[in-house]
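Here, each number is a calculation from the coordinates, and none is a lab measurement. Please read these numbers as outputs of a predicted model, since none were measured by experiment. Positions of Cβ are backbone-derived with ideal geometry, glycine not excepted, and every protein chain shown enters the neighbour counts.
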Amino acid sequence: MKVKIGLEIHQQMATERKMYCNCPTNYQDVPPNTNVCPICTGMPGSKPLPPNERTVDAAIEIALMLGCKIITDQTIYIQRKHYDYPDLPSGYQRTSLPIAKDGELQGVRIREVHLEEDPGQYDPVAGTADYNRSGVPLVEIVTEPDIRSPEEARKFLRVLTRVLEYTGKVRPEAGGAMRMDVNISLEGGGRVEVKNINSVKGAYRALKFEIIRQREKLKRGEVVVRETRAYLESQMTTVPMRTKELEEDYRYIPDPDIYPLILDAGRVKSVRKGMVEAPHLREQRLVKQYKISRGAAGVIVSERELANLYEAVAREVDPKLASTWFRTRLKKVLNYMKLSAADVRFTPKQIVSLLRMVEAGEVTPEQGELILRELVKHPSDPHKLLQKLGLKGLKLAELRAAVAKVIHANPRAMKDYLAGKEEALHFLAGKVMKLTHGRADPRKVVKLLRAKIVGKK
Amino acid sequence: MGWGTLGKLEAIKSGELSAAENVQRALERIGKLNKKLNAFIELNPNAEAEAIDRKFKHGAKVGKLAGLTIGVKSNISVKGLRSTCASRTLENYVSTYDAEVVKRIRAEGGIVVGMTNMDEFACGSSGETSAFGPTDNPAAPGHIPGGSSSGAGAAIAAGLCDFCIGTDTGGSIRNPASHCGVVGVKPTYGLVPRQGLIDLGMSLDQIGPVAPDVKGAALLLEVIAGKTPDECVMLDVERVSYLDRLGDGVKGMRIGVSPKFAELTDPAVMQVINGAVEKLRDMGTKIVEVDLPNLERGLPAYYLIVSVEFFSATRKFDGRKYGKRIEEVCGEEVLRRILRGQYISRKEYRGKYYQRALQVRTLIRHELMAALKRVDVIVGPTVPKLPHKLGAKLTPMEMYAYDYLTIPANLAGICGGVVKAGEVSGIPVGIQVQGKVLGEMEMLKVMQALEATA
């Protein structure tokens with residue numbers, strides 16, 4: 001059954017100041033209603049400041065990253081969208097006409113990009129409103145209904161998240177800074193819009209649920225009506241929204257208190273000049289420039305800082321070796337410690353010298369990983385870390401002694417190996433590694449073990 | 001009294017009259033007359049002039065308004081005072097900050113004595129829609145003072161204070177200035193910051209002076225005009241000065257008049273205006289006829305635009321933050337405008353009403369701009385008819401008809417000022433001088449010349 005999915009994504013931008021006043025935007029870090037002023041609380045008589053130029057530039061940059069055409073030399077009105085809700089201090093939200101159109105990401109066409117401001121936060125249970133968030137700038141991205149499945153939607157959103165976070169101009173998705181509405185229709189049914197989705201995961205679940213719901217209806221010969229539904233995160237289901245909310249007419253008017261935006265080609269050019277490379281384009285370049293695998297490049301560009309670090313390192317050592325290390329060991333260590341590349345405090349030089357040690361055979365890859373782990377925790381010269389961890393200086397005699405000791409202590413394993421059980425050798429090797437506190441090269445250990453056992457026989 | 005505004009300023013500077021005395025006298029006069037006039041609806045208990053007198057004594061620098069008393073229209077924010085907009089909606093709303101104009105007035109030593117009465121949310125042309133009761137006209141007792149800056153017009157006519165600041169969206173400064181026989185100026189849109197002004201129609205609202213004389217109006221305008229980086233929709237004007245060139249005379253100026261004015265205006269009123277125009281001719285100006293074929297179309301366009309903007313502006317009075325939901329407690333005219341705005345801004349009617357109104361606005365702007373290319377100012381009546389008796393019942397259309405001649409300046413964003421030209425049966429008639437965008441200097445010169453001959 002043919003499925004069509006389109007998305008409207010609202011993403012908070014990471015500016016220091018709000019859109020139309022000078023209040024700070026770190027609404028989560030401060031007590032309720034402390035990042036507020038007469039403007040963002042809509043006090044009688046207050047007038048907006050001119051739109052925060054940084055947010056406009058950030059939105060242009062995001063639109064460019066998505067391959068959109070910026071609308072230049074035209075009047076872009078900032079409109080008032082009226083609705084009545086406690087989180088909206090003036091009774092309207094300011095939203096611009098599109099600043100850009102006709103982009104593309106992952107084969108999904110981007111219809112338009114525009115600017116909005118976030119409302120405050122209303123707690124219906126407590127009956128309180130907090131306006132710290134009111135006026136935080138948002139960029140809204142609207143796609144064409146080019147997505148065919150919830151999986152595709154999830155993949156698209158992940159790629160989009162990566163692109164957005166790459167710009168460094170948005171707040172992380174994980175903090176609820178990305179919210180979205182999805183619309184989905186199955187062949188033969190009406191278009192259903194689902195609102196109130198606060199994460200990529202939520203979008204996936206809402207779409208999954210809707211497909212099942214709509215498909216079952218169509219199977220039973222029922223009609224899927226065109227409607228707007230709300231996603232209930234706690235239940236992972238969707239419910240119809242009250243009709244009152246649907247009949248709403250926002251009565252858009254251009255805000256008379258703000259001059260419309262007019263973007264000129266010069267401004268777009270200067271934003272383009274200072275823009276970071278989009279991750280999907282960077283991925284292609286890394287593959288070509290460093291002759292590394294697409295898979296490795298994909299992992300490396302997943303975070304801008306990781307890719308920056310990689311490129312700094314790849315200039316100094318074998319890019320392939322570096323890419324393998326970044327993709328596997330570094331990523332593993334970071335994931336294990338729940339860190340992102342942005343949190344890394346060691347220098348490119350330090351990881352370069354570690355990779356050189358591995359390249360020269362001074363340490364084994366396994367030892368290298370131990371050093372890497374330490375490097376993440378306490379950045380320092382890898383040679384020193386090697387000392388500190390006591391990984392250096394395992395003499396051949398020591399290793400031989402350890403091997404002999406292990407074989408002696410595990411006669412049964414030796415017999416098993418001789419009987420053809422290859423695993424027994426791994427078991428023994430593990431014992432040797434443990435005895436030598438990971439200082440031995442596993443490949444050497446296996447070789448010695450094998451020689452010793454076979455020799456013994 | 002009898003000093004004129006600048007004379008009084010001199011008297012305060014020379015010590016002949018102390019600032020404290022000036023404030024005291026204003027408060028006494030308000031105490032004596034306000035009960036009948038109802039021009040002020042809130043007094044400032046902290047109106048304090050001692051600090052200014054001390055400065056004079058020590059020869060310290062004082063501002064351009066040092067010691068003068070000011071009444072502020074109740075839709076402008078004055079920290080600590082109630083900006084009620086003369087509505088039950090904001091009956092207990094105390095401003096938490098000073099409007100930009102109030103800041104500037106205070107910085108120049110002006111002393112806010114209180115908040116003046118007005119039509120509710122500036123929706124009216126008679127002063128009768130105030131939730132705090134109507135204002136009487138001291139210049140024609142028993143008649144309306146005009147509106148919506150009704151209290152401002154009456155306060156100046158009765159000498160309750162030295163200045164008032166009012167607001168003008170479709171004539172709300174000029175109309176009461178005409179009816180009360182005082183001076184009022186609606187500045188060019190974007191010349192005076194609106195920060196702190198509670199909206200009626202944001203694309204039309206402008207704060208301006210109401211004063212006993214043209215020099216006073218010019219002085220106050222110098223203080224409040226000029227851009228602030230904290231406001232978006234403003235003209236790029238740092239500061240203005242008018243007083244030094246006010247007396248330059250009008251000889252050689254080109255004065256525009258339109259046959260349209262007589263079509264729309266009571267002949268008795270028109271007679272006074274024609275007399276004033278003749279005086280201007282005698283002063284060596286050139287009287288030029290200009291064509292304003294669509295002037296009267298401004299009225300319906302205006303009421304559509306202002307209603308849509310007012311509907312939007314009043315959404316914040318939702319009953320959650322300021323006590324009462326506006327629709328539940330407001331008067332008839334306010335409700336009429338909200339409902340009209342709500343109706344015509346509906347998606348299905350956008351093209352039909354609002355967009356059309358904006359097109360008419362553009363048409364009128366072009367028409368006035370074209371006329372003002374040929375002349376320095378356009379001179380004519382302010383209000384088409386004399387003020388009615390307080391309490392007389394008018395239909396909404398009859399009430400709106402007061403605004404035919406003042407609305408075009410707001411739609412076009414140009415400046416307009418009013419000065420008394422004469423009387424009809426003892427009722428003042430003000431003449432309106434409309435100037436170009438930022439043509440305040442020419443406009444004030446003509447007003448000054450007219451004032452001198454009145």
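Dipole of segment A:279-388, Cα-centred, from +1 at each Lys and Arg C-beta and -1 at each Asp and Glu C-beta, to the nearest 20 debye? Mind dumping the intermediate values first?
Details: 20 positive and 13 negative charges, 57 e Å.
It works out to roughly 280 debye.
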Query raised in the report: Over chain B, what is the percentage of antiparallel beta bridges among all DSSP beta bridges, to the nearest 5?
Result: 70
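So how strong a dipole does the protein assembly as shown carry about its Cα centre when Lys and Arg Cβ are +1 and Asp and Glu Cβ are -1, to the nearest 20 debye? If you can, show how the numbers build up before the last one.
Values: 135 positive and 108 negative charges, 1189 e Å.
Result for the protein assembly as shown is approximately 5720 debye, rounded to the nearest 20.
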Report summary line: Ranking B:234, B:161, B:207 by how far each Cα lies towards the positive end of the charge dipole of chain B (+1 on Lys and Arg Cβ, -1 on Asp and Glu Cβ), the top one is B:234
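Note the full-extension length gain between residue A:53 and residue A:450 as 0.36 nm times their separation in residues minus their Cα-Cα distance, in nm to one decimal.
Details: separation 397, 0.36 × 397 = 142.92 nm, distance 6.95 nm.
Value of the extension gain: 136.0 nm.
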Query raised in the report: Which whole-Hz couplings ³J(HN,Hα) result when phi for each residue of segment B:310-318 is put into the Karplus expression 6.51 cos²θ - 1.76 cosθ + 1.60, θ = phi - 60°, listed in order with x for Gly and Pro?
Result: 5, 4, 4, 5, 8, 4, 6, 8, 9
Query - Dipole magnitude (debye, nearest 20) for segment B:46-185, charges at Cβ of Lys, Arg, Asp, Glu - result: 560
Query - Positive dipole terminus of chain B, leading residue within B:314, B:270, B:259 (C-beta point charges) - result: B:314
Query raised in the report: Counting DSSP beta bridges with both partners in the protein assembly as shown, what percentage is antiparallel, nearest 5?
Result: 80
Query raised in the report: With contacts defined as alpha carbon pairs under 8 Å and 6 or more residues apart, what's the relative contact order of segment A:396-456 in percent?
Result: 39
Report summary line: Taking a crude spin-label model, label points 7 Å out from Cα along the C-beta direction, the residue A:421 to residue A:128 distance in nm is 6.5
Report summary line: Output row, site residue A:10, 7 Å Cα→C-beta label point, backbone N cut-off 19 Å, window segment B:281-316, residues B:316
**Report entry** Spin-label model distance (nm) - residue B:244 vs residue A:191, 7 Å beyond Cα toward Cβ
**Finding:** 6.4
Query raised in the report: Remind me, relative contact order of chain A in percent, using alpha carbon pairs under 8 angstrom and six or more residues apart?
Result: 13
Requested in this report: Apply 1/(1 + (r/R0)^6) to the Cβ-Cβ distance of residue B:21 and residue A:33, taking R0 = 45 Å, and write down the FRET efficiency to the nearest 0.05.
Outcome: 0.50
Query - Using a Förster distance of 60 Å, the FRET efficiency for residue A:249-residue A:359 (Cβ separation, nearest 0.05) - result: 0.35
**Report entry** Theoretical gain in end-to-end length, residue A:222 to residue A:262 [0.36 nm per residue, Cα-Cα removed]
**Finding:** 9.5 nm
Requested in this report: Specify the inter-centroid distance of segment B:1-30 and segment A:18-78, based on alpha-carbon positions, in whole Å.
Outcome: 47
Report summary line: If B:14, A:149, B:74 are placed from fewest to most neighbouring beta carbons inside 10 Å, the sequence is B:14, A:149, B:74
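For residue A:215 and residue B:91, FRET efficiency with R0 = 45 Å and r from the beta-carbon atoms, rounded to 0.05?
Numbers: r = 58 Å, r/R0 = 1.28.
That gives a FRET efficiency of 0.20.
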Query - Residues in segment A:194-209 that a label on residue A:233 would reach, taking backbone N under 15 Å of a point 7 Å out along Cα→Cβ - result: A:195-206
Requested in this report: Divide by every residue of chain A the summed helix terms, -39500 (n - 2.57) for each DSSP H run of at least 4, and state the resulting mean residue ellipticity at 222 nm, rounded to the nearest 500 deg cm²/dmol.
Outcome: -12500 deg cm²/dmol
Report summary line: From the Cα centre of segment B:384-408 to that of segment A:172-188, the distance in Å is 55
**Report entry** Percent RCO, i.e. relative contact order, over segment A:279-388, from Cα pairs under 8 Å lying at least 6 residues apart
**Finding:** 21
Query raised in the report: Once the dipole of segment A:248-377 is set up with Lys and Arg at +1 and Asp and Glu at -1 on Cβ about the Cα centre, which of A:263, A:371, A:344 lies farthest towards its positive end?
Result: A:371
Report summary line: Whole-Å distance linking the alpha carbon centroid of segment B:171-214 with that of segment A:94-125 is 39
